[in-house]
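What follows is a single structure, written as structure tokens, with notes after it.
The values are calculated or read from the model by the stated rules, or taken from the named source; none is laboratory data. Given the structure is predicted, the values throughout are model-derived calculations rather than measurements. Positions of Cβ are generated from backbone atoms using ideal geometry, with glycine treated the same way; all protein chains shown enter the neighbour counts. All accessible areas refer to the heavy atoms of the entire protein, side chains included, with ligands and DNA or RNA removed. Shrake-Rupley method; radii C 1.70, N 1.55, O 1.52, S 1.80 Å.
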Amino acid sequence: MRYSDAFFPSFQRTPHMKAAHGMVVSMHYTLTDDSGETLDSSRGGEPFNYLHGHSNIIPGLEKALEGAQTGFKSKVTVAPAEGYGEKNPEAVFEAPREHFPPDMKLEVGSRVYADGPNGPITLTVVSLTETGAVLDANHPLAGKTLHFDVEITTVRSATQEELEHGHVHGEGGHQH
Ligand code: ZN
């Protein structure tokens with residue numbers, strides 16, 4: 001085989017970057033649940049950026065985007081095990097009123113925070129009881145099958161600093 005046959009005739013202005021470990025991927029996405037209700041979307045705003053291969057996003061989506069290039073469009077369905085995990089029934093429990101600040105107004109759906117063994121955790125108030133509130137420490141998307149409609153807008157190499165930090169810097173990323 002001649003040398004030129006290896007790449008001819010696909011010349012392009014810039015190298016085609018693929019979503020792979022150490023690449024920064026920018027994309028638009030819309031997330032819906034099984035009923036088709038939109039849970040989250042980047043459309044209408046700036047694209048969402050993440051550092052591929054660093055668990056910045058849920059495993060099911062990261063796998064589906066592996067090797068994808070700019071312009072890649074896909075519908076990706078992610079089961080709970082590859083998303084935010086199954087719901088843990090033990091993470092739903094009642095907490096007595098005196099465990100909350102006296103002036104704190106507890107409402108169904110509101111978020112409260114606590115110091116967990118691995119740092120701060122967010123809990124959702126599920127219901128109010130006579131003596132306190134039922135809290136859910138599961139991620140709000142735990143137990144849900146997630147439907148992503150994604151479109152990759154750009155793929156670039158991460159900077160050395162981004163690789164060291166394990167996340168994206170600058171526009172749409174960590175500002176520090
Ligand atoms: Zn950083």
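These residues, E151, E94, go from largest to smallest accessible area, 1.4 Å probe, as E94, E151. In plain terms, the chain from Q69 to T145 could stretch by 24.8 nm, reckoned as 0.36 nm per residue minus the Cα-Cα distance. Ranked by the mean number of other Cβ atoms within 10 Å per residue, highest first, peptides 31-44, 108-121 order as 31-44, 108-121.
Couplings 3J(HN,Hα) of the stretch 104-121, computed from phi: 7, 8, 9, 10, 4, x, 6, 9, 10, 10, 8, 8, x, x, 10, x, x, 10 Hz, in residue order, whole Hz [Karplus 6.51 cos²θ - 1.76 cosθ + 1.60, θ = phi - 60°; x for Gly and Pro]. The residues packed around T145, meaning those with a beta-carbon under 15 Å from its beta-carbon, carry a net charge of -4 if Lys and Arg are +1 and Asp and Glu are -1. FRET efficiency for the M17 to E107 pair, using the beta carbon distance and R₀ = 45 Å, is estimated at 0.45. Given their separation in residues at 0.36 nm each and the Cα-Cα distance between them, Y3 and T159 gain 53.0 nm when the chain is fully extended.
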